[in-house]
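Down below is the structure, laid out as structure tokens.
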Amino acid sequence: MRFIRKTNYYQDIQIFKHEGQTFWYTCLLLILFSFPFLLSDFYLGELALIFIYAIAGIGLMLLTGYTGLVSLGHAAFLGIGAYAHAYFLSLGIPFVFSLSISVLFSSLIGTLLAIPALRVTGIYLAVATLAFSIIVEQILSHWVSVTGGYRGMLVPDPSIGNVSLKSHTAFYFICLAFLSSSLLIGLNILRSPVGRAMTAVRDSEISAQSMGINLARTKTIAFAISAGFTGLAGGLLAHKIGYLAPDSFNLLISIQLLLMVVVGGTRVFTWSYLRSNIHWFFAPSLGFVKRQPSRKICPNPRIRTRYIWINPGSSPDL
Amino acid sequence: MALEEKLEHTQLLISGLSQGCVYGLIASGFVLIYKATEMVNFAQGDLMMFGAFLAYTFISIFNFPFALGLVAAILAMAGIGALIERFAIRPMIGEPHFSVLMITIGLGFIFRALAGFIWGSEPRSLKTPYAGKVFEFDGIIIGHENIIIVLGTLALCSALAFFFKTTNLGKAMQAASQNQLAAMYVGISVKKINSITWAISAAISATAGILIAPVSLIDPQIGFIGVKAFAAAIVGGFGSLPGAIIGGLIIGIGEQFAGLYLPPGFSEVTAYAILLTMLLIRPHGILTSVQIKKM
């Protein structure tokens, strides 16, 4: 535990609180940069997948952890991002533009979802988002002309200009770049007025309102941003899995995303919850690194359930 | 033509009614637990599946007489419900609701895995004395199982109403659901009430599972209709038992007619479309009894 002597209010909103953090995060980044030279393609692929889910996690974290709105339907945004990106790519739109359009499109849908979702809170909201995701899944299965229905859809290989990004190393770096910038953007949103309004709404809607925060606006923005991040993850995920089918974005994925965020700690942002993703995949081997034994978690429902028993404070209040 | 259409509509109405009754029953399981403990049990559909499998085991494997197997399965599920409350839910009192929700989701996974482990994943059919028989009435064909579902729901609802209105235990449960602390002060054992609530809720789900077993086969995945039942509970106004049944009927009947008039795929989403519309128009459902808490 380090105690920081604060001499300035701006210290409270700095991304790196002290030199130690700067140092360790730089080290982490260097290590991540060195992985392509150390690890085999298989592990690079797995790491890229973790990065992608981490981006989706950032999206859900902003909504659930920081605005206090629980979503059981985020797989839908993953799906929307993935299908939109694959569709735009197949129309011949370049990678970067296609990905940006998919993110915007996903945000737009998020904004639309906010209209019914604003009227409800807590468990009602969770179920409203769940209903939304099931509707999206059905649309993906039945809108054959765009999505290919149950036959699925092939995703074109990623490339910028004439440079193909198909190799594991290139894709790893792409995902790392997107994850790092998403984290920076997410952290910057959180220290902006919008982000602090979101936190205020989470802590108490009534006091937030009495301080002049527009609840509807803040929540809608939270939905839009969250959907955007998740859409970005979806676009990258499309390349990762290479072949889209409607049932790859079902309720179980939503629950898994939510668990990822909950297990990592809904109020811990930065790289620390990336850690939870890493645990997700390499739980047993990495368990000893962490001080808290309860953070050893693996994708097993029984253990997840146990985990919440052990550490109930990690989940958001409803 | 007009006559045929009318027949078709009646037919759909009847199958929607029986499907809706099943949704309504599971929904009332949700509502009971929510009213008593303010917790949401996402494993309700899986409890239904498990109950149906237990009935299948008792009747088709152990060769119990139908009625005995039925009662045994319902009692066993009540016991399982009470055990879940004691060992999974009671330690969570005072923790965020969301944690409890996650636990019940986890329990749902466990039940599904367990059912797959014990009975395998291929669909089973429950032998009933009434399956396959039909009434023919003025050109309308009604399966006995549909009638049994509606009658069973009616009987169960009146039994519940009677239980809550007249018996001491029922009144104690109502008191506990209104204010647990106050109930404790007047000498009601709230812990026991919670256990009993879970037992009753699991028993209702088991009944729903047994009722639906002759219509749709039993396999570990049928628990997913719990999600639709949840939508029904919200449409009816979470926290109101008659509302749950009404919501179930609306969704059951809506689904059947969407299957007739709308392109394929729409009948799958009807329940959720109804839910979202309901949340837009009347966020607290048809029969509202939920009090909004100020935080």
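The values are calculated or read from the model by the stated rules, or taken from the named source; none is laboratory data. Keep in mind that what you see is a predicted model, and the values were worked out from it rather than measured. Please note: Cβ atoms are built from the backbone with ideal geometry, for glycine as well, and neighbour counts cover all protein chains shown. Ligands, DNA and RNA are excluded from the accessible area calculation, which covers all protein heavy atoms including side chains. Shrake-Rupley method; radii C 1.70, N 1.55, O 1.52, S 1.80 Å.
Numbers for the structure displayed
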| quantity | calculated |
| --- | --- |
| Approximate shape of segment B:118-242 as ellipsoid semi-axes (Cα gyration tensor, √5λ), whole Å, largest first | 34, 18, 14 |
| Rounded accessible area of residue B:191 (nearest 10 Å², 1.4 Å probe) | 130 Å² |
| Segment A:1-103 - Debye-derived log10 I(q)/I(0), Cα point model, q = 0.13, 0.17, 0.23 Å⁻¹ | -0.81, -1.09, -1.15 |
| CD proxy at 222 nm, helix term only [per DSSP H run n ≥ 4: -39500 (n - 2.57); per residue of chain B; nearest 500] | -23500 deg cm²/dmol |
| The protein assembly as shown: proportion of alpha-carbon pairs further apart than 48 angstrom, % | 16 percent |
| Rounded Å value of the spacing that divides the Cα centres of segment B:239-256 and segment A:130-155 | 28 Å |
| GNM flexibility winner over chain B from B:225, B:274, B:140 (Cα, springs under 10 Å) | B:140 |
| Scattering profile of segment A:40-250 at q = 0.12, 0.13 Å⁻¹ [log10 I(q)/I(0), Debye over alpha-carbon scatterers] | -0.61, -0.70 |
| Positions from segment B:208-252 whose accessible area shrinks by 30 Å² or more when the full protein complex is built, not the chain alone, probe 1.4 Å | B:227, B:230, B:234 |
| Quotient of C-alpha Rg and 2.2 N^0.38 Å, computed over segment B:135-187 | 1.89 |
| Lys, Arg +1 and Asp, Glu -1 on Cβ, resulting dipole of segment A:40-250 about Cα centre, debye, nearest 20 | 420 debye |
| Carbon and sulfur %, accessible surface of segment A:40-250 computed with the full protein complex present, 1.4 Å | 66 percent |
| The protein assembly as shown - accessible surface per residue (Å², probe 1.4 Å) | 44 Å² |
| Highest-fluctuation residue, B:244, B:273, B:206 considered, GNM on chain B with Cα pairs under 10 Å | B:273 |
| Heavy-atom accessible surface that A and B bury in contact, both chains counted, 1.4 Å, Å² to 100 | 3300 Å² |
| Distance between segment B:183-204 and segment B:27-101 - C-alpha centres, whole angstrom | 14 Å |
| Backbone N under 18 Å from the residue A:159 label point (7 Å along Cα→Cβ), restricted to segment A:63-103 | A:86-99 |
| Charged-residue dipole, Cβ positions (Lys, Arg, Asp, Glu), chain B about Cα centre, Debye nearest 20 | 1160 debye |
| Dipole moment magnitude, nearest 20 debye, the protein assembly as shown about Cα centre, only Lys, Arg, Asp, Glu C-beta charged | 2220 debye |
| Hydrodynamic radius by Kirkwood, which averages 1/r over all alpha carbon pairs of segment A:1-51, in angstrom | 13.5 Å |
| Two-decimal ratio, segment B:20-221, of alpha-carbon radius of gyration to 2.2 N^0.38 Å | 1.07 |
| Spherically averaged projected area in nm², based on the convex hull that wraps the Cα atoms of segment B:172-295 | 9.9 nm² |
